[in-house]
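I have placed the structure first, in the form of structure tokens, so that the comments after it can refer back to it.
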Amino acid sequence: MIIKTIKDGKIEEDKITLSKSPVNIPNIYIKKLDSNNILLIDSLNDYIDIIPEKLVNIDNKTCLILDRYSDVNSTEGIDKIKKRYKSNIRNYLQNDKIYSYAICLTYSCNFKCTYCFERDNLKKFKTISKSDLYDMLNLIKSEITEIRNINSDSVIYMELFGGEPLLTRNRELLKVIFEFARENNLYISITSNGYEVISLIEELICYRDVIACFCITIDGTREYHDKRRIINDKIGTFDKIVEGVQLLLELDFKVVCATNVDKKNIDNLESLFNFYKTKSWLDYNNFSVQIGRVDDKFNSGNKDLLTEAKLLNRISKIFKDNKPDWLSTAFLKSIERPSNILDVGYNQIEYGKIPYNHCWATSPIIKGCYIGPDLELYRCTVSVSNENYKVGNLRSDSSYSCYDSWLQNNIFSRKECLDCNISGYCGGGCKIEKDTYGYEYICNYNKNNFEEFIQCIALDKINKLLRDYDEKNI
């Protein structure tokens, strides 16, 4: 028998075998589409199927289809899922041997952003000493030499993170790092607020051959940005950042302008995109935009958070069927894969994330850590500077082999995860959020967010695909 399945935003036909008796599918997402069709989503097998109503019993969660959907009720079924997971890891590691060194020169920052996840820890104002920086780079050099001796095709990249790395007072430290990158054939990406870019432009031009890109945050048009991205002396930061971005683009540096979105600035997104258009930045091949969601992983009490689904829905309403190639989303988790399958997403690439894991930090693909000013190591971006999530020190630990506790965070960590009907997409949830809020709270968020995605975005797309399919096959 033939059923309809969705791949790359299109309905395709798949041949299935009917079963003689009902097959239990308790961990499959089921929703009635109309009087003839049922939506089945198997997050573990990545299936989004449209099944004839007569083949599915929604109340009993059974279907008359044999050996198509994941089975978590038997040892054999779970073994198949684990085998698929291990096979994915092997395939990724055979093709992508990636090592990352994200250097945090300082936890100091000239901004006091209203939603900063490092806000409490930035009070340390810690900056690495020059002697410690040389120690750090010598240790990284030893690891790089070992990596390249084993496999010369390994991908090794560096990042400057913080705090704020591009502070004028860090000028000499930046030169040391740029020289190191040049001597060792490495490229560096720089995450910065962009405020002091112009003050450092001579150094940036001098070392342009090792700078891969800048990721600079603009949180809206001037009115919105200057309420959120606050400098210590309360002076507005928008105009100076825009001036810096303009200069970088004219100098042919690659620039990603990131926007962190919550309830306070989501209504300003379209105006921000129009601002980029008036600046002619959208005409630059070296310019792109990334939209992410403000979260509150350490429960600071932020009341302005949005769900992933609300953010994606707003972007979809702005662009409708005209999806720009200069725009990408970031940090969508439980709805990222189904968004791509349905072709309602926006160029999000989960680099380093493997299926059945929540994020790159819990996946074994990218080997590496964030390295703090005291050479302490952190695995996750959001964990940087938080002592509770320190995983080692570069002086005594390898930066690519000291985060085993993070790699245990996947759908196999708890039976409740395997039983869940979106576990393959959620990937077991965020480790930090589970520590902060508890499993029940985070599970409820992910399930509600997924249901919101289905109701607000997915069903419209699926129904349109069905109409187009039926018209084509009349």
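The values are calculated or read from the model by the stated rules, or taken from the named source; none is laboratory data. Here the structure is a predicted model, which is why all the values come from computation and not from measurement. Positions of Cβ are backbone-derived with ideal geometry, glycine not excepted, and every protein chain shown enters the neighbour counts. Keep in mind that these areas ignore ligands, DNA and RNA; they rest on the heavy atoms of the full protein, side chains included. Shrake-Rupley method; radii C 1.70, N 1.55, O 1.52, S 1.80 Å.
Data overview
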| read-out | value |
| --- | --- |
| Test: residue in the range 203-219 that is closer than 18 Å to Leu166 by Cβ, surrounded by fewer than 16 Cβ atoms within 10 Å (Cβ to Cβ) and small (Gly, Ala, Ser) | yes |
| Residue within the range 299-311 that is more than 17 Å from the chain's Cα centre (by Cα) and crowded, with 18+ Cβ neighbours inside 10 Å present | no |
| Verdict on Ile235 being under 17 Å from Gly163 (Cβ atoms) and not acidic (Asp, Glu) | no |
| Residue list for the range 66-89, restricted to those being open to solvent by 60 Å² or more (accessible area, probe 1.4 Å) and modelled with pLDDT of 90 or more | Leu66, Asp67, Thr75, Glu76, Asp79, Lys80, Lys82, Lys83, Arg84, Lys86 |
| Single unsatisfied condition, Lys54 versus (1) surrounded by fewer than 14 Cβ atoms within 10 Å (Cβ to Cβ); (2) in contact (Cβ under 8 Å) with a residue 60 or more places away in the chain | (2) |
| Filter pass, Lys353 being over 23 Å from Thr5 (Cα atoms) and surrounded by 21 or more Cβ atoms within 10 Å (Cβ to Cβ) | yes |
| Selected residue (only one of Ser192, Ser199, Ser271 is crowded, with 17+ Cβ neighbours inside 10 Å and either of a type in the set (A, V, I, L, M, F, W, C) or at negative phi (or both)) | Ser192 |
| Output for the range 333-361, where each listed residue is among the polar types (S, T, N, Q) and in contact with a Gly (Cβ under 7 Å, 6 or more places away or on another chain) | Ser339, Asn357 |
| Count of residues meeting criterion [open to solvent by less than 50 Å² (accessible area, probe 1.4 Å), closer than 13 Å to Lys279 by Cβ and in contact (Cβ under 8 Å) with a residue 24 or more places away in the chain] in the range 226-246 | 5 |
| Criterion: without any contact (Cβ under 8 Å) to a residue 12 or more places away in the chain and out of contact with any strand residue (DSSP E or B) (no Cβ under 9 Å at 6 or more places or on another chain) - qualifying residue of Ile457, Ile442, Ile474, Ile432 | Ile474 |
| All positions within the range 138-163 that are among the charged types (D, E, K, R) and either modelled with pLDDT of 95 or more or surrounded by fewer than 15 Cβ atoms within 10 Å (Cβ to Cβ) (or both) | Lys141, Glu143, Glu146, Asp153, Glu159 |
| Test: residue in the range 331-352 that is out of contact with any helix residue (DSSP H, G or I) (no Cβ under 8 Å at 6 or more places or on another chain) and small (Gly, Ala, Ser) | no |
| Residue ranges of strands (runs of 3 or more DSSP E) in the range 61-169 with at least 2 members closer than 28 Å to Tyr195 by Cβ | 98-104, 155-161 |
| All positions within the range 1-45 that are in a strand (DSSP E or B) and closer than 23 Å to Ile411 by Cβ | Thr5, Ile6, Lys7, Val23, Asn24, Tyr29, Ile30, Lys31, Leu39, Leu40, Ile41, Asp42 |
| Residue list for the range 241-293, restricted to those being small (Gly, Ala, Ser) and either over 22 Å from the mean Cα position of the chain (by Cα) or farther than 27 Å from Lys310 by Cβ (or both) | Gly244, Ser271, Ser280 |
| Residue match in the range 323-342 (condition: part of a loop (DSSP other than H, G, I, E, B), out of contact with any His (no Cβ under 6 Å at 6 or more places or on another chain), open to solvent by 40 Å² or more (accessible area, probe 1.4 Å) and modelled with pLDDT under 95) | yes |
| Close pairs from the range 264-293: first in contact (Cβ under 8 Å) with a residue 60 or more places away in the chain, partner outside any helix (DSSP H, G or I), Cβ under 6 Å, at least 6 apart | Gln290/Val256; Gln290/Ala258; Gln290/Ser328; Gln290/Ala330 |
| Tyr29 vs. criteria open to solvent by 60 Å² or more (accessible area, probe 1.4 Å) and of a type in the set (Phe, Trp, Tyr) | no |
| Unmet requirement for Asp135, which otherwise passes all of (1) at pLDDT 95 or above; (2) buried (at least 19 other Cβ atoms within 10 Å of the Cβ); (3) among the acidic types (Asp, Glu) | (2) |
| Any hit, the range 103-120, residues being closer than 30 Å to Lys175 by Cα, at pLDDT 95 or above, buried (at least 17 other Cβ atoms within 10 Å of the Cβ) and small (Gly, Ala, Ser) | no |
| Qualifying residue in the range 2-22 (condition: farther than 30 Å from Asn138 by Cα and in contact with a Cys (Cβ under 9 Å, 6 or more places away or on another chain)) | yes |
